[in-house]
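**Q** Take a look at the following structure, please.
The values are calculated or read from the model by the stated rules, or taken from the named source; none is laboratory data. Remember, predicted model here, so these are calculated numbers, not experimental data. Here the Cβ is made from the backbone with ideal geometry for all residues, glycine too, and neighbour counts use every protein chain on show.
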Amino acid sequence: MARIWKFGDSINTDDILPGKYAPFMVGEDIFHRYAFAHFRPDFAANVRAGDLLLGGKNWGLGSSREYAPMALKKLEIGGIIALSYARIHYRNLLNLGIPAFESEAAQVLLDGEEVEFDRDSGKIVRSSGEIIQLPPPPEFLREALKEGSILEFYKKYQKFPGE
């Protein structure tokens, strides 16, 4: 089961991981413990592997800090569903193997709700039995996710997925 963590519009990279908690400031081994430290202080201590984050418009705006999505990767986030993404951040998520879905489902699901989530098909099943179908990741991304990320795929096959 995945738990839903709902956020609003315009969540920026400093909301995700404030700069003063960057890996070079606090250490590579613990920086992820400060994800959403100022925005939602209970997050890092309570998030579980596979949980889903929901956002509104323009998720990940601001600087293109790779350590913000890297903190989410270290916390083993199952994916992010938002109405829209800042393009550089979106690419960073995919590069790191964090599925990022653009969907109106971000407005329907509830904070704290427990759901079943199938990353490959994009299917969410609510406890009521209602099924929400996200647009499934494209084939090249599913290939990369099987290896952990686009980078890991490249390291293994010396090519990008879909080539």
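**Q** Of all residues in the range 15-52, count the ones that are surrounded by fewer than 17 Cβ atoms within 10 Å (Cβ to Cβ) and in contact with a Gly (Cβ under 7 Å, 6 or more places away or on another chain).
**A** Within the range 15-52, residues that are surrounded by fewer than 17 Cβ atoms within 10 Å (Cβ to Cβ) and in contact with a Gly (Cβ under 7 Å, 6 or more places away or on another chain) number 1.
**Q** Within the range 95-114, how many residues are among the β-branched types (Val, Ile, Thr), within 16 Å of the chain's Cα centre (by Cα) and over 21 Å from Glu152 (Cβ atoms)?
**A** Final tally of qualifying residues: 0.
**Q** Another question, then. With the requirement that a residue be surrounded by 12 or more Cβ atoms within 10 Å (Cβ to Cβ), among the aliphatic types (A, V, I, L, M) and either in a loop (DSSP other than H, G, I, E, B) or at pLDDT below 95 (or both), what does the range 109-146 give you?
**A** Residues satisfying the conditions are Leu109, Leu134, Leu141, Ala144, Leu145.
**Q** Name the single residue that is nearest to the chain's Cα centre (by Cα) among those in the range 123-163 being farther than 19 Å from Asn92 by Cβ and among the hydroxyl-bearing types (Ser, Thr, Tyr).
**A** Residue satisfying both the conditions and the ranking: Ser127.
**Q** Still on this model: Could you figure out which of (1) in contact (Cβ under 8 Å) with a residue 60 or more places away in the chain; (2) within 19 Å of Gly97 (Cβ to Cβ); (3) not in a loop (DSSP other than H, G, I, E, B) isn't true of Ile4?
**A** Only one criterion in (1) in contact (Cβ under 8 Å) with a residue 60 or more places away in the chain; (2) within 19 Å of Gly97 (Cβ to Cβ); (3) not in a loop (DSSP other than H, G, I, E, B) is unmet by Ile4, namely (2).
**Q** Among the listed residues Ser84, Ser103, which satisfies the condition of being in contact with a Leu (Cβ under 9 Å, 6 or more places away or on another chain) and surrounded by fewer than 20 Cβ atoms within 10 Å (Cβ to Cβ)?
**A** Values: Ser84 fails: in contact with a Leu (Cβ under 9 Å, 6 or more places away or on another chain).
The match here is Ser103.
**Q** Out of (1) under 12 Å from the mean Cα position of the chain (by Cα); (2) among the charged types (D, E, K, R); (3) surrounded by 15 or more Cβ atoms within 10 Å (Cβ to Cβ), what's the single condition that is false for Glu76?
**A** Failed condition: (3).
**Q** Across the range 33-82, what is the total count of residues that are assigned to a loop (DSSP other than H, G, I, E, B), closer than 16 Å to Pro18 by Cβ and either in contact with a His (Cβ under 9 Å, 6 or more places away or on another chain) or in contact (Cβ under 8 Å) with a residue 12 or more places away in the chain (or both)?
**A** Going through the range 33-82 one residue at a time, the tally reaches 13.
**Q** Out of all the residues in the range 97-106, is one or more part of a helix (DSSP H, G or I) and modelled with pLDDT under 95?
**A** yes
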